[in-house]
Every structure is written in C-alpha cells, then in structure tokens.
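Read the structure below first, then the notes.
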Amino acid sequence: MTRACSTLTADLTLQAAADLLEGTPADAGPIVLLTHTKPDGDALGCVLALTAVLDRLGKATRPLLVGPVSGALLTLPGAADLPVLTNGDPHGLPEPARIVIVDTAASSQLGSLVEYVHAHLDRTLVIDHHLSGDLAPAHQHIDPDAPACALLIAQLIRRLPREAASDQPPVPSALYAGLASDTGWFRFSNTTPAAFRLAADLIEQGVDHAALFCDLEQNERPGKPALIARALASLRYTPGSRAAIMSLRLEDFAQAGATPADTEGIVNLPLDVGPVQATALLTERDDDGDAITVRVSFRSKPPTPAHPDALDVAALAARFDGGGHARAAGGRTLLALPDAVDAVYQAFIDALC
Ligand SMILES: [Mn+2]
C-alpha cells in the first residue's frame with residue numbers, strides 16, 4: 001500500500017489552474033487526466049475536452065478512464081479514442097509531470113488508480129464541483145455552485161492561449177455533453193443562467209444539441225423496455241401515493257436480457273405521478289462478493305409552491321449504509337429483497353408523516 005504523501009492544498013483560481021497546465025513542460029512527463037470510475041457525461045466530457053486543448057498546446061497528455069463506459073457515451077466525437085482501464089490493472093502508468101482529476105475529489109471514486117494518485121498528490125490538480133472529496137492534492141479548484149464540472153473546464157480552457165482552439169471540435173460537444181448530463185438536459189434545479197449561457201455559446205460553436213440528445217439519451221439496449229415493464233409491475237405506493245417503490249430481482253434482469261447498467265433512469269419514472277414526492281428502486285445484485293446485496297436508489301422532487309416540503313433522500317439513504325444528495329441518493333442492504341422493500345416502505349412512512 002502506497003502511503004499518501006501529505007500535501008498542503010492550494011486553492012487556485014481558474015486562471016492560475018490554466019497557467020499551471022500551460023507551464024507544465026512537455027519533456028517533464030505526461031499530464032495524466034483522470035476522473036471517477038464509471039464516468040458519466042460530465043466526467044468523460046471534461047477529460048475529452050481538456051485532453052484535446054492540451055494536445056493542441058503541444059503537451060504530452062495521457063487520458064485514462066476507469067470503466068465501464070456506456071456505449072452511448074462512446075458515441076461522443078473523440079470518446080472512442082480515450083483509453084479505458086477495464087480490468088483494474090493500473091500497471092505501466094507513467095511517472096507524471098502532472099495529474100489532473102476532474103469531476104471528483106474522492107479517493108473512493110478512483111477505483112484501481114487510488115494508490116497511483118495518492119503517490120503523486122504533490123503534483124495533482126483537482127477541478128471539481130462536489131464538496132465531498134477527501135483527496136488533498138497540491139492544487140485544486142472546487143466550486144460547488146457550478147452545475148457541472150464542464151462549466152469549470154469551459155472557463156479554464158478559455159484562459160489558455162489561442163492555439164488551444166477551445167472552440168473547435170471535439171471540445172464544444174464534449175462540454176455540452178457534460179453540462180447537459182449533469183443538469184438533466186437543463187431541467188434540474190442546478191440549471192443556472194451560466195449553464196444556459198454556456199450552452200448557447202457551445203451551440204454557436206457548432207454543437208448539434210438535438211443529435212447529441214439522440215445519441216446520448218435515446219440509445220438504450222433492446223432489453224431496456226422489458227426491464228422497465230418489470231420494474232413498473234412491482235410498483236407500490238405509500239398511502240396517498242406520496243412515495244413509490246419498485247424492485248428488480250436477479251431473474252428480472254435475466255428474463256429481460258438486461259444488465260444492472262440498464263436500470264439507469266428507471267428510478268425516476270414514478271416521479272411523473274403528481275402526488276409522488278419521492279421514489280426508490282431496489283435491485284438485487286450478485287457482483288458485490290459472495291452474498292446477494294440489494295442496492296437502493298432514491299430520488300425526490302425539488303420543493304415547489306404546490307409541495308414546499310421536499311423530502312431529503314440523503315437522510316433516507318443513510319439508513320441503508322449510503323448517502324448522496326437531497327434529490328438523489330443511494331445505499332445498500334443485505335436484507336432479502338421483500339424485507340428490504342418493507343424497510344424502505346417504512347422509511348418513507350417515517351419521513352413523510
Ligand atoms: Mn459532474
């Protein structure tokens with residue numbers, strides 16, 4: 001086990017972060033670009049955009065993703081060229097001049113790269129919009145008000161020299177993918193005026209937003225509708241339909257021809273029902289070691305004039321060995337699925353009374 005080297009973290013402005021990257025000599029080793037495991041659109045888009053502009057500045061870059069990466073995300077222009085570490089084997093990583101980590105500052109989200117990062121914290125720059133990180137890199141720029149890390153990367157790369165051509169492909173579509181995915185395609189409460197302004201800039205730079213939506217969001221596998229049907233068949237409401245619970249057994253996945261990755265978005269479906277304030281989706285998983293575990297995903301609606309008392313599902317997830325955000329959180333339990341459903345039902349009853 002590599003011991004973490006202790007560093008004093010300097011909070012950088014985006015200009016200082018841009019200067020730090022621009023000033024990294026190409027002959028000192030590569031700039032290694034990393035993000036969290038199972039990258040989403042924001043994580044992958046940021047790595048893609050930053051790699052492209054640093055390449056144009058003549059830097060030696062070494063982007064590296066820890067998979068799996070969804071097939072939909074791999075349709076993003078340039079994404080298929082990014083190396084993906086799938087088997088968790090981090091051997092052969094270079095001695096970096098710089099490590100840049102985007103969209104996370106949490107050791108637990110680095111997968112098999114955690115020791116590599118801990119051994120090089122003295123030359124690591126983190127750009128992130130989450131508050132929950134435990135890494136202590138030499139340099140960081142953390143802005144929890146940013147709707148997506150892509151907004152921070154967009155502002156950083158504008159501060160690089162013109163040769164970085166930060167408005168040229170594949171950068172605009174990569175940043176748009178990040179911004180759109182973290183704001184729920186501009187529907188979530190984190191969709192700020194700055195998010196819309198950046199989206200407008202990126203569309204002016206040539207992003208075909210309708211084509212991106214089609215490739216990223218309308219790209220499910222054929223097993224998905226069968227899995228949705230099984231989840232909806234399990235739907236159970238608490239009294240007054242204020243919360244909804246769905247569950248999927250291992251055999252549901254097998255019979256639908258679906259995988260756990262296909263559950264993406266299913267938890268949101270009952271939120272379409274007016275009185276429903278919160279939802280949970282429980283899924284049986286056998287990829288966590290010997291025992292079958294049950295993953296619990298929670299979602300809740302934001303407060304509205306009609307329903308001012310929104311449910312904080314992070315507090316609910318804490319009852320299931322998990323956590324997250326007020327609107328989206330998750331946990332897990334070793335209870336058998338029917339017992340887990342009852343426990344979540346009771347947790348909703350307790351929280352909504
Ligand atoms: Mn993000």
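For segment 215-232, filtering for residues that are of a type in the set (Lys, Arg) and assigned to a helix (DSSP H, G or I) leaves 2. Scan segment 41-51 and give yes if some residue there is touching a Phe, Trp or Tyr at 6+ places or on another chain (Cβ under 8 Å), within 16 Å of the ligand (Cβ to nearest atom) and either assigned by TED's automatic domain parsing to the domain that holds Ala138 or of a type outside the set (Gly, Ala, Ser) (or both), otherwise no. Yes: one or more hits. Being under 27 Å from Ala195 (Cα atoms), in contact (Cβ under 8 Å) with a residue 40 or more places away in the chain, away from the ligand (no atom under 16 Å from the Cβ) and not aromatic (Phe, Trp, Tyr) is a property that Leu93 lacks. Return a yes/no flag: does segment 196-217 have any residue that is closer than 15 Å to Pro172 by Cβ and among the basic types (Lys, Arg). Within segment 196-217, one or more residues are closer than 15 Å to Pro172 by Cβ and among the basic types (Lys, Arg).
Output yes when any residue across segment 149-163 is within 12 Å of the ligand (Cβ to nearest atom) and in contact with a Gly (Cβ under 7 Å, 6 or more places away or on another chain), and no when none is. There is at least one residue in segment 149-163 that is within 12 Å of the ligand (Cβ to nearest atom) and in contact with a Gly (Cβ under 7 Å, 6 or more places away or on another chain).
Scan segment 35-52 and give yes if some residue there is in contact (Cβ under 8 Å) with a residue 40 or more places away in the chain and basic (Lys, Arg), otherwise no. Looking through segment 35-52, none of the residues is in contact (Cβ under 8 Å) with a residue 40 or more places away in the chain and basic (Lys, Arg). How many of the residues in segment 292-312 are among the hydrophobic types (A, V, I, L, M, F, W, C) and modelled with pLDDT under 95? Looking only at that region, the number is 3.
The residues on offer are Pro169, Pro193, and the sole one that is more than 17 Å from the chain's Cα centre (by Cα), over 24 Å from Ala328 (Cα atoms) and away from the ligand (no atom under 15 Å from the Cβ) is Pro169. Could you identify the single residue in Gly45, Gly23, Gly58 that is at pLDDT 95 or above and in contact with a Gly (Cβ under 6 Å, 6 or more places away or on another chain)? Matching residue, one of Gly45, Gly23, Gly58: Gly45. Scan segment 237-262 for residues that are outside any helix (DSSP H, G or I) and touching a Phe, Trp or Tyr at 6+ places or on another chain (Cβ under 9 Å) and report the count. Of the residues in that region, 6 qualify. Taking the criterion of being farther than 19 Å from Asp262 by Cβ and β-branched (Val, Ile, Thr), the residues of segment 174-232 that qualify are Thr183, Thr191, Thr192, Ile203, Val207. Residues that are within 16 Å of the ligand (Cβ to nearest atom), touching a residue at least 60 places away in the same chain (Cβ under 8 Å), in a loop (DSSP other than H, G, I, E, B) and under 20 Å from the mean Cα position of the chain (by Cα) do occur in segment 74-81. Residues in segment 92-138 that are surrounded by fewer than 19 Cβ atoms within 10 Å (Cβ to Cβ) and of a type in the set (D, E, K, R): Glu95, Glu115, Asp122, Asp134. Restricting segment 287-327 to residues that are touching a residue at least 60 places away in the same chain (Cβ under 8 Å) and surrounded by 14 or more Cβ atoms within 10 Å (Cβ to Cβ), the residue that is nearest to Gly184 (Cα to Cα) is Arg327. Among all positions in segment 233-249, there is no residue which is within 16 Å of the ligand (Cβ to nearest atom) and either crowded, with 16+ Cβ neighbours inside 10 Å or not assigned by TED's automatic domain parsing to the domain that holds Ala43 (or both).
Per the conditions (1) under 20 Å from Pro30 (Cα atoms); (2) more than 16 Å from the ligand (Cβ to nearest atom); (3) out of contact with any Asp or Glu (no Cβ under 7 Å at 6 or more places or on another chain), the sole criterion not satisfied by Gly111 is (1).
Only one entry in Gly265, Gly206, Gly184, Gly289 is at pLDDT below 95 and either outside the structural domain of Leu311 (by TED's automatic domain parsing) or in contact with a Phe, Trp or Tyr (Cβ under 6 Å, 6 or more places away or on another chain) (or both), namely Gly184.
The values are calculated or read from the model by the stated rules, or taken from the named source; none is laboratory data. Because the structure is predicted, anything quoted here is derived from the model rather than measured. Quick reminder, even Gly has a Cβ in these numbers, built from the backbone with ideal geometry, and neighbours come from all protein chains shown.
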